[in-house]
Amino acid sequence: MIQFVHRFSDFCWHLWDDRCVARLGRRASFEERLRACQLIESGKSPDLVAEILGFGRATVFGWLQDYRALGPEGLRTKKTRGPAARLDDAQLARLYALIAGHDPRQLSFGFALWTRAMVAELIRREFKVKLSLVSVGRVLAKLGMSPQRPLY
(Lines give C-alpha, C1' and ligand atoms only; values in the text may rest on other atoms or scores of the structure.)
Protein backbone atom coordinates (compact mmCIF):
# COMPACT_ATOMS: atom_id res chain seq x y z
CA MET A 1 0.00 0.00 0.00
CA ILE A 2 2.79 2.43 0.79
CA GLN A 3 4.38 1.74 -2.58
CA PHE A 4 1.13 2.67 -4.35
CA VAL A 5 0.81 5.91 -2.37
CA HIS A 6 4.39 6.83 -3.22
CA ARG A 7 3.83 6.07 -6.91
CA PHE A 8 0.49 7.91 -6.84
CA SER A 9 2.00 11.05 -5.28
CA ASP A 10 4.95 10.89 -7.70
CA PHE A 11 2.47 10.72 -10.56
CA CYS A 12 0.53 13.69 -9.16
CA TRP A 13 3.72 15.72 -8.95
CA HIS A 14 4.37 15.21 -12.68
CA LEU A 15 0.90 16.50 -13.47
CA TRP A 16 1.19 19.50 -11.16
CA ASP A 17 4.57 20.40 -12.66
CA ASP A 18 2.93 21.24 -15.96
CA ARG A 19 -0.15 22.86 -14.41
CA CYS A 20 -2.30 20.46 -16.40
CA VAL A 21 -4.63 19.15 -13.73
CA ALA A 22 -8.26 19.08 -14.77
CA ARG A 23 -11.16 19.87 -12.48
CA LEU A 24 -14.38 17.95 -12.55
CA GLY A 25 -17.30 19.65 -14.22
CA ARG A 26 -15.49 21.23 -17.17
CA ARG A 27 -13.95 20.14 -20.44
CA ALA A 28 -10.27 19.32 -20.65
CA SER A 29 -8.02 21.72 -22.50
CA PHE A 30 -5.90 20.64 -25.45
CA GLU A 31 -2.81 20.71 -23.21
CA GLU A 32 -4.44 18.43 -20.63
CA ARG A 33 -5.51 15.91 -23.27
CA LEU A 34 -2.05 15.99 -24.85
CA ARG A 35 -0.29 15.56 -21.47
CA ALA A 36 -2.56 12.63 -20.57
CA CYS A 37 -1.75 10.88 -23.85
CA GLN A 38 1.96 11.52 -23.45
CA LEU A 39 1.88 10.10 -19.93
CA ILE A 40 0.11 6.96 -21.14
CA GLU A 41 2.54 6.61 -24.04
CA SER A 42 5.44 6.90 -21.59
CA GLY A 43 4.12 3.91 -19.64
CA LYS A 44 1.70 5.32 -17.07
CA SER A 45 -1.52 3.44 -16.49
CA PRO A 46 -4.54 4.88 -18.35
CA ASP A 47 -6.72 4.13 -15.33
CA LEU A 48 -4.39 6.09 -13.09
CA VAL A 49 -4.24 9.01 -15.55
CA ALA A 50 -8.04 9.08 -15.70
CA GLU A 51 -8.31 9.00 -11.92
CA ILE A 52 -5.79 11.78 -11.40
CA LEU A 53 -7.29 14.04 -14.06
CA GLY A 54 -10.80 13.42 -12.81
CA PHE A 55 -12.18 12.23 -16.14
CA GLY A 56 -13.80 8.95 -17.03
CA ARG A 57 -11.76 6.02 -18.19
CA ALA A 58 -13.60 5.91 -21.51
CA THR A 59 -12.88 9.61 -22.07
CA VAL A 60 -9.15 9.11 -21.62
CA PHE A 61 -9.16 6.07 -23.91
CA GLY A 62 -11.03 8.14 -26.53
CA TRP A 63 -8.31 10.79 -26.36
CA LEU A 64 -5.66 8.10 -26.69
CA GLN A 65 -7.38 6.63 -29.74
CA ASP A 66 -7.54 10.05 -31.42
CA TYR A 67 -3.92 10.74 -30.48
CA ARG A 68 -2.68 7.47 -31.96
CA ALA A 69 -4.74 7.87 -35.14
CA LEU A 70 -4.22 11.59 -35.86
CA GLY A 71 -1.36 12.71 -33.64
CA PRO A 72 -1.59 15.76 -31.38
CA GLU A 73 -3.91 17.59 -33.82
CA GLY A 74 -6.53 14.90 -33.20
CA LEU A 75 -6.88 16.20 -29.63
CA ARG A 76 -7.89 19.74 -30.59
CA THR A 77 -11.48 20.73 -30.00
CA LYS A 78 -13.62 20.88 -33.08
CA LYS A 79 -16.31 23.45 -33.70
CA THR A 80 -19.73 21.88 -33.50
CA ARG A 81 -21.74 22.20 -36.64
CA GLY A 82 -25.29 23.32 -36.76
CA PRO A 83 -27.68 22.82 -39.64
CA ALA A 84 -26.70 24.31 -42.98
CA ALA A 85 -27.98 27.81 -43.69
CA ARG A 86 -31.26 27.80 -45.59
CA LEU A 87 -30.38 30.99 -47.50
CA ASP A 88 -26.99 31.55 -49.15
CA ASP A 89 -25.18 34.89 -49.30
CA ALA A 90 -26.60 35.84 -52.68
CA GLN A 91 -30.14 35.18 -51.46
CA LEU A 92 -29.50 37.21 -48.31
CA ALA A 93 -28.25 40.12 -50.41
CA ARG A 94 -31.33 39.90 -52.63
CA LEU A 95 -33.61 39.75 -49.58
CA TYR A 96 -31.94 42.83 -48.11
CA ALA A 97 -32.42 44.71 -51.38
CA LEU A 98 -36.10 43.71 -51.48
CA ILE A 99 -36.79 44.79 -47.92
CA ALA A 100 -34.70 47.94 -47.83
CA GLY A 101 -35.63 49.10 -51.32
CA HIS A 102 -39.37 48.52 -51.26
CA ASP A 103 -42.45 49.37 -49.34
CA PRO A 104 -44.37 46.15 -48.46
CA ARG A 105 -47.37 47.44 -50.46
CA GLN A 106 -45.19 47.48 -53.61
CA LEU A 107 -44.77 43.70 -53.22
CA SER A 108 -48.49 42.99 -52.75
CA PHE A 109 -48.59 43.06 -48.97
CA GLY A 110 -51.48 44.90 -47.35
CA PHE A 111 -49.63 46.73 -44.58
CA ALA A 112 -47.11 49.57 -44.91
CA LEU A 113 -44.60 48.22 -42.35
CA TRP A 114 -42.56 45.04 -42.62
CA THR A 115 -43.35 42.29 -40.12
CA ARG A 116 -41.56 38.99 -39.62
CA ALA A 117 -44.59 37.20 -41.04
CA MET A 118 -44.42 39.33 -44.20
CA VAL A 119 -40.69 38.70 -44.54
CA ALA A 120 -41.30 34.95 -44.07
CA GLU A 121 -43.89 35.10 -46.87
CA LEU A 122 -41.48 37.08 -49.07
CA ILE A 123 -38.76 34.46 -48.51
CA ARG A 124 -41.23 31.69 -49.36
CA ARG A 125 -42.30 33.46 -52.56
CA GLU A 126 -38.85 34.51 -53.78
CA PHE A 127 -36.68 31.58 -52.70
CA LYS A 128 -39.14 28.71 -52.11
CA VAL A 129 -37.85 28.35 -48.53
CA LYS A 130 -40.16 28.15 -45.55
CA LEU A 131 -38.77 29.67 -42.32
CA SER A 132 -40.29 30.04 -38.87
CA LEU A 133 -40.81 33.51 -37.44
CA VAL A 134 -37.90 32.97 -35.05
CA SER A 135 -35.63 32.04 -37.95
CA VAL A 136 -36.80 35.09 -39.89
CA GLY A 137 -35.88 37.22 -36.88
CA ARG A 138 -32.38 35.71 -36.91
CA VAL A 139 -32.04 36.34 -40.65
CA LEU A 140 -33.09 39.97 -40.19
CA ALA A 141 -30.61 40.39 -37.32
CA LYS A 142 -27.89 38.89 -39.52
CA LEU A 143 -28.77 41.47 -42.16
CA GLY A 144 -28.43 44.23 -39.55
CA MET A 145 -32.12 45.05 -39.48
CA SER A 146 -33.84 45.70 -36.20
CA PRO A 147 -37.49 46.20 -35.26
CA GLN A 148 -38.64 49.80 -35.37
CA ARG A 149 -41.63 51.53 -33.84
CA PRO A 150 -43.91 53.17 -36.37
CA LEU A 151 -44.34 56.92 -36.39
CA TYR A 152 -47.96 58.02 -36.02
1.4 Å probe accessible area per residue over segment 102-152, in Å²: 75 Å²
Residue-span extension gain [residue 127 to residue 146] - 0.36 nm each, minus C-alpha spacing: 4.6 nm
Centre separation in Å (Cα based) which lies between segment 101-121 and segment 51-75: 54 Å
Within the accessible area of segment 89-143 (1.4 Å probe), percent carbon and sulfur: 55 percent
Which of 124, 35 is most accessible, then next, and so on - probe 1.4 Å: 124, 35
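The values are calculated or read from the model by the stated rules, or taken from the named source; none is laboratory data. The structure presented is a predicted model; accordingly, all values stated were derived computationally and were not measured. Please note that ligands, DNA and RNA were not included when accessible areas were found on the heavy atoms of the full protein model with its side chains. Shrake-Rupley method; radii C 1.70, N 1.55, O 1.52, S 1.80 Å.
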